[in-house]
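The values are calculated or read from the model by the stated rules, or taken from the named source; none is laboratory data. Because the structure is a prediction, the values reported are computed rather than measured. With ideal geometry, Cβ positions are generated from the backbone for all residues, glycine too; neighbour counts draw on all protein chains shown. To get the accessible areas, we keep the full protein, side chains included, count just its heavy atoms, and leave off ligands, DNA and RNA. Shrake-Rupley method; radii C 1.70, N 1.55, O 1.52, S 1.80 Å.
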Amino acid sequence: MSQNATVAACGAETAAENVPDLSHRRRWWILLVISLSMLMGVLDGTIVNIALPSAQHDLGFSDADRQWVVTAYALAFGSLLLLGGRVADLVGQKVMFLVGLAGFAAASMVAGAANGFAMLVVARAVQGLFAALLAPSALSVLMTTFTDPRERAKAFTVAGSVAGAGGAIGLILGGVLTQYLDWRWTMYVNVVFAVVAFVGGAALLHRTPRDTSSRLDVLGTLLVSIGLFCLVYGFSNAETHGWGSVATWGMLAAGAVLVAVFVWWQSRAASPLLPLRVLLDRNRGASFAALFVTGAGMFGVFLFLTYYLQQSLGYSALNTGFAFVPLIVASSSASAVANNVLVARIGPKPVVPLGMAIAAAGLIWMTKLDLNSGYVTQVLPQLILVGIGLGTVIAPAMSLATSGVAAADAGVASAAVNTLQQVGGSIGIALLSTMASDAATGYLSGRNPKNPGVLAQAGLAGYSTAYWGSAAVFVTGLVVTSLLYRRGVPQQNENAAPVVHM
């Protein structure tokens, strides 16, 4: 080897050794960048709901189609999130983080410029795809940047707090942008966050070596993605074609078969997308079921209550955003009490089912809302009750979802937490939208559909049915979690991966 080559090799080796030290010195700036990317993802989930009525009016799509603006994102994100974690291992965290940010920003620009329903939905699906690449790489960066257990706990606490606050910020920001600018700015604002995070990520993050042992479960990805799409489409198709339609029950049957084959394949694949051993523990299985249920019920509440406040009560987009804030505050407060006090003393078995019961009670109470309901006396109490129920369920379930998981499975268990909530939300919105549409159509039967008063009452009938459906989902969750959770305080695994909701 020549002298120059030897010097170059030594220099490269020294540089490689200095990369982790440099990253460690910049770790709190890296946390800021990662938290910003997480804030963008959480904002998108709530900001779109507030803007959806304005987008529907502007683009002229039907009530039957509006659910796809939310579902397209959630379905793409949820079904591809596990794959995103594998891809991040293959190409490196920094590359995937930057690709995810750039793709999400580009898709947001297209969604904001949409000239019709199809363009908006496709852009939302692409947003979900790039979010599925971004989220695992962001969490992986935190895991590798903060190696000290105490500092890692602080980092994940900060990231989790930012993600939690993002829900409330998104509600208010969505109202401000929609009311004073245009609903399209609820999409364009993502570009601002993405550009800042991209510049910070490019400057601060270092290239990580690729994991050559990681393999993509392409067949598993295809099976679960197509299967979930068939299920969601089947429930949605029932809204326009009825439950007896071949397209409806055919898609539902195909989806069920494909998901069943996916489960079978995961037990035989060399590198399974979701190792079944992650789901087999009773407490973890109960936690995953609880997260699926809350996703199915929670997404529907946001969607239908947004339309109730804006179309039935005549709230502005900004007032609608502020109206939801007490639900977020109640949920965050209940989360802290449930996870840090109740579960730590008596275990999850009585706590999580109680949360399901509280959420169901709040939703049943919501069925009493009418065109003359006042916010303080009739809307606010239900929102707070539902928020308490959601917080009492979600925090313990997220905490226990990775408890006892082997180190090799910690990442996939963390990804599964977000996956199940997003997939549950996709299926829940599709089913509840169909139920609401059927109820509204039934109310209009024999009445004058051109009468504004009749149309308003038909809308209330649809919303009420959706609340009953959501309540039934939570009652089902109550039964399932009561049966599955073990009695007593669970043993916490200090090595389990912290979970941040995306």
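Report the residue count in region 360-398 for those that are farther than 22 Å from R486 by Cα and in a helix (DSSP H, G or I).
The number of residues fulfilling the criteria is 21.
Do we find a residue being open to solvent by 40 Å² or more (accessible area, probe 1.4 Å), without any contact (Cβ under 8 Å) to a residue 60 or more places away in the chain, in contact with a Leu (Cβ under 9 Å, 6 or more places away or on another chain) and not in a helix (DSSP H, G or I) anywhere in region 90-103?
No: zero hits.
Between a first residue in region 161-181 that is over 20 Å from Y315 (Cα atoms) and a second residue that is modelled with pLDDT under 75 and of a type in the set (A, V, I, L, M), which pairs have beta carbons less than 6 Å apart while being 6 or more apart in sequence or on different chains?
So the pair list comes out as A163/V500.
Go through (1) more than 30 Å from D65 (Cα to Cα); (2) touching a residue at least 12 places away in the same chain (Cβ under 8 Å); (3) out of contact with any helix residue (DSSP H, G or I) (no Cβ under 6 Å at 6 or more places or on another chain) and name the single condition W264 misses.
Evaluating W264 over (1) more than 30 Å from D65 (Cα to Cα); (2) touching a residue at least 12 places away in the same chain (Cβ under 8 Å); (3) out of contact with any helix residue (DSSP H, G or I) (no Cβ under 6 Å at 6 or more places or on another chain) leaves (2) as the failure.
Scan region 88-115 residue by residue and report those that are touching a helix residue (DSSP H, G or I) at 6+ places or on another chain (Cβ under 6 Å) and at pLDDT below 90.
Passing the criteria: A88, Q93, M96, F97.
Quick one: how many residues across region 274-283 are open to solvent by less than 20 Å² (accessible area, probe 1.4 Å) and either assigned to a helix (DSSP H, G or I) or without any contact (Cβ under 8 Å) to a residue 60 or more places away in the chain (or both)?
Looking only at that region, the number is 2.
Which residue pairs have Cβ atoms under 6 Å apart, sit 6 or more places apart or on different chains, and have a first residue in region 458-478 that is of a type in the set (F, W, Y) and a second that is assigned to a helix (DSSP H, G or I)?
So the pair list comes out as Y463/F304; Y463/Y308; Y467/L363; Y467/M366; F474/G297; F474/M356; F474/A359; F474/A360.
If only one of Y308, Y315 is without any contact (Cβ under 8 Å) to a residue 40 or more places away in the chain, farther than 28 Å from L228 by Cα and surrounded by 19 or more Cβ atoms within 10 Å (Cβ to Cβ), which one is it?
Going through Y308, Y315 in turn, the sole match is Y315.
Looking only at region 429-457, filter to residues that are among the β-branched types (V, I, T) and in contact (Cβ under 8 Å) with a residue 60 or more places away in the chain; which one of those is surrounded by the most Cβ atoms within 10 Å (Cβ to Cβ)?
Going through the qualifying residues, I end up with I429.
Yes/no matrix, rows are residues, columns are (1) touching a residue at least 60 places away in the same chain (Cβ under 8 Å); (2) in contact with a Gly (Cβ under 9 Å, 6 or more places away or on another chain):
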position: M298; (1), (2): yes, yes
position: L327; (1), (2): yes, yes
position: S335; (1), (2): yes, yes
position: A338; (1), (2): no, yes
position: I346; (1), (2): yes, yes
position: V351; (1), (2): no, no
position: G374; (1), (2): no, no
position: I388; (1), (2): no, yes
position: A401; (1), (2): yes, no
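Open to solvent by 40 Å² or more (accessible area, probe 1.4 Å) and of a type in the set (K, R): does that describe R66?
The answer is no for R66.
Could you grab me the full set of residues in region 104-127 that are open to solvent by less than 50 Å² (accessible area, probe 1.4 Å) and within 16 Å of T186 (Cβ to Cβ)?
If the condition is that a residue be open to solvent by less than 50 Å² (accessible area, probe 1.4 Å) and within 16 Å of T186 (Cβ to Cβ), then F104, A105, A107, S108, A111, G112, A114, L120, V121, A123, R124, Q127 are the ones that fit.
Return a yes/no flag: does region 250-268 have any residue that is over 23 Å from the mean Cα position of the chain (by Cα), open to solvent by less than 30 Å² (accessible area, probe 1.4 Å) and among the small types (G, A, S).
Looking for residues that are over 23 Å from the mean Cα position of the chain (by Cα), open to solvent by less than 30 Å² (accessible area, probe 1.4 Å) and among the small types (G, A, S), one finds at least one in region 250-268, hence yes.
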